[in-house]
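To start, the structure under review is shown below, and the notes come after it.
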Amino acid sequence: METPRAAGLAGVVFALLLAAAIVLIRLGIPEGADAVTPPGFTDSARRTAVRTALALVPFAGIFFLWFVGAVRAHVGAVEDKFLATVLLGSGLVFTATMFGAAAAADAVLAVAHPSDASPGLSARDFGRYFAYTMMTGYAMRMAAVFVCSMSVIGHRLGVLPRWLSLLGFPTALTLLFVSSNVPWAELVFPAWALVLSVYILVASGRARSHVAASP
């Protein structure tokens, strides 16, 4: 598969999987007053939602790494080495942190439902807060660095349109300063990835059509 098309398809799959995982985890392990009640962890629908989310996270990470590799290959050897290192490093740390948040959420399930028993508040709250801190406090900040570096690379090399490069900066600021305090704000990252991936797919299709039409 050609690199631009591979990057676009991988990005679309990653965006959809990550968005679904975030929504399911938010619904299954809520924050606020609803989270301190036992039904938040003993309700079968919520446990199923979290288990489904945890099953999606590894595949989201795989497609994200594929997306990062395909984008780097598409940019080529002319990219800025400093920004390339920041882009790759933030992508790897984001993936590792996302896996850590998923593992913490899995631990919440294991502690919360051992043979239909109600968990202790300390164990339940520790796992819940740890999962959300990993996701909103660390993973999303690494995502902000990834979005910012990708936008700068796209602008400098001209591989992204101006509007898409500019879109990355409010996205990065939201992930950096808002996502840890405003619920659901982390969805801006998969939304940005989806927009970027769709653009790559459209631009790749237009380029192939132009090449096919040229003598």
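Out of all the residues in segment 93-109, which are surrounded by fewer than 17 Cβ atoms within 10 Å (Cβ to Cβ), without any contact (Cβ under 8 Å) to a residue 40 or more places away in the chain and within 12 Å of the chain's Cα centre (by Cα)?
Matches in segment 93-109: Ala96 only.
Identify all residues within segment 69-88 that are among the β-branched types (Val, Ile, Thr), surrounded by 15 or more Cβ atoms within 10 Å (Cβ to Cβ) and at pLDDT below 90; write none if there are none. Write out each step before concluding.
Residues of segment 69-88 that are among the β-branched types (Val, Ile, Thr), as a first pass: 71, 75, 78, 85-86.
Still in the list and also surrounded by 15 or more Cβ atoms within 10 Å (Cβ to Cβ): 71, 75, 86.
Answer for segment 69-88, where residues must be among the β-branched types (Val, Ile, Thr), surrounded by 15 or more Cβ atoms within 10 Å (Cβ to Cβ) and at pLDDT below 90: Val71, Val75.
Could you tell me whether Ala15 is at pLDDT below 85, within 20 Å of Ala102 (Cβ to Cβ) and not in a loop (DSSP other than H, G, I, E, B)? Don't jump to the end; show me each part of the working.
Details: at pLDDT below 85: no; within 20 Å of Ala102 (Cβ to Cβ): yes; not in a loop (DSSP other than H, G, I, E, B): yes.
So Ala15 does not fit the description; no.
When you look at Val202, is it in a loop (DSSP other than H, G, I, E, B), at pLDDT 85 or above, out of contact with any strand residue (DSSP E or B) (no Cβ under 9 Å at 6 or more places or on another chain) and surrounded by fewer than 13 Cβ atoms within 10 Å (Cβ to Cβ), yes or no?
Values: in a loop (DSSP other than H, G, I, E, B): no; at pLDDT 85 or above: yes; out of contact with any strand residue (DSSP E or B) (no Cβ under 9 Å at 6 or more places or on another chain): yes; surrounded by fewer than 13 Cβ atoms within 10 Å (Cβ to Cβ): yes.
No, not satisfied.
Can you tell me which of (1) surrounded by fewer than 17 Cβ atoms within 10 Å (Cβ to Cβ); (2) at pLDDT 90 or above is the one Arg51 doesn't meet?
Against the list (1) surrounded by fewer than 17 Cβ atoms within 10 Å (Cβ to Cβ); (2) at pLDDT 90 or above, Arg51 comes up short only on (2).
The values are calculated or read from the model by the stated rules, or taken from the named source; none is laboratory data. Keep in mind it's a predicted model, so treat the numbers as computed, not measured. Here Cβ is always computed from backbone atoms with ideal geometry, including for glycine, and neighbour counts include all displayed protein chains.
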